[in-house]
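A quick write-up on the structure given underneath.
The values are calculated or read from the model by the stated rules, or taken from the named source; none is laboratory data. Given the structure is predicted, the values throughout are model-derived calculations rather than measurements. Reconstructed Cβ throughout: ideal geometry from the backbone, glycine too, with neighbour counts over all protein chains shown.
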Amino acid sequence: MDKPPHDAPEHLKARYWREEVLELTRDQLAALTGFSASSIKDFENPSKDIDPMARKRYRLACAAVAMGIQFDWLTTSLKIQQPVQITIGPDA
């Protein structure tokens, strides 16, 4: 799958990230995020109408997976395994 442009639809970017960047199946990502494989399929489906808050929760879960965040309400650890760019401020 070719890398989609920045202005590509969200479902294309989500599928690309899962398949090409993390190289995970839907079942593998489901185990890491807590979202079901069928929900992940819906997020990657152009014809599914996704609630904006559900999409936000999914994106945050995927971000945590991508950054290796472990969280248990009392402690948080972060293991970064790929280059990241941190931007802080109103233009972020």
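Side notes on the structure shown:
- Residue in the range 1-38 that is surrounded by the fewest Cβ atoms within 10 Å (Cβ to Cβ), counting only those that are aromatic (Phe, Trp, Tyr) and without any contact (Cβ under 8 Å) to a residue 40 or more places away in the chain: Tyr16
- The test for being basic (Lys, Arg), out of contact with any Cys (no Cβ under 7 Å at 6 or more places or on another chain) and in contact (Cβ under 8 Å) with a residue 24 or more places away in the chain holds for Arg55.
- Test result for Lys41, under 16 Å from the mean Cα position of the chain (by Cα) and surrounded by 13 or more Cβ atoms within 10 Å (Cβ to Cβ): yes
- Taken together, the residues in the range 72-92 that are modelled with pLDDT of 85 or more and under 17 Å from Leu60 (Cα atoms) amount to 4.
- Flag for Glu19 being within 19 Å of Gln82 (Cα to Cα) and either part of a loop (DSSP other than H, G, I, E, B) or in contact with an Asp or Glu (Cβ under 7 Å, 6 or more places away or on another chain) (or both): no
- Scanning the range 44-83 for residues that are more than 15 Å from the chain's Cα centre (by Cα), closer than 15 Å to Ala14 by Cβ and surrounded by 10 or more Cβ atoms within 10 Å (Cβ to Cβ) returns a single hit, Lys48.
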